[in-house]
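Chemist: Just dropping this structure here.
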């Protein structure tokens, strides 16, 4: 199962980089597992859930010109419960710690 999350930021600077460097991810059962090297056109990172129910990963890409963070939520099984837990933890984190710089969040199930 795959779900797309679009996050439009109002402030400049990479929201992806802010998320990757934020130690408060663990407060929402999330951790960074991989990150693309700096100096590329648009960076990416992979976040995993640390919750027992939230299997899967979130692949994030930042597009600086449009100030858009594109996140693909991927779960191995077809269970909506595991995807829902992962998405809920990520959205809770975004709104709690970066809510002031977010204009909109769109969630598109595929």
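Chemist: Can you give the angle from 0 to 90° between the axis of helix 80-98 and the longest principal axis of the chain, with both taken from C-alpha atoms, to the nearest 10?
Modeler: 30 degrees
Chemist: State the three equivalent ellipsoid semi-axes of the chain, derived from the C-alpha gyration tensor as the square roots of 5 times its eigenvalues, in descending order and whole Å.
Modeler: For the chain, the ellipsoid semi-axes come out as 21, 14, 14 Å.
Chemist: Taking the simple approach of a point 7 Å from Cα along Cα-to-Cβ for both residue 84 and residue 27, what is their distance in nm?
Modeler: The modelled label-to-label distance comes out at 2.6 nm.
Laboratory data are not the source of any read-out in this text; all were calculated from the coordinates shown. Bear in mind that the values here come from a model prediction, so they are computed numbers and not experimental data. Positions of Cβ are backbone-derived with ideal geometry, glycine not excepted, and every protein chain shown enters the neighbour counts.
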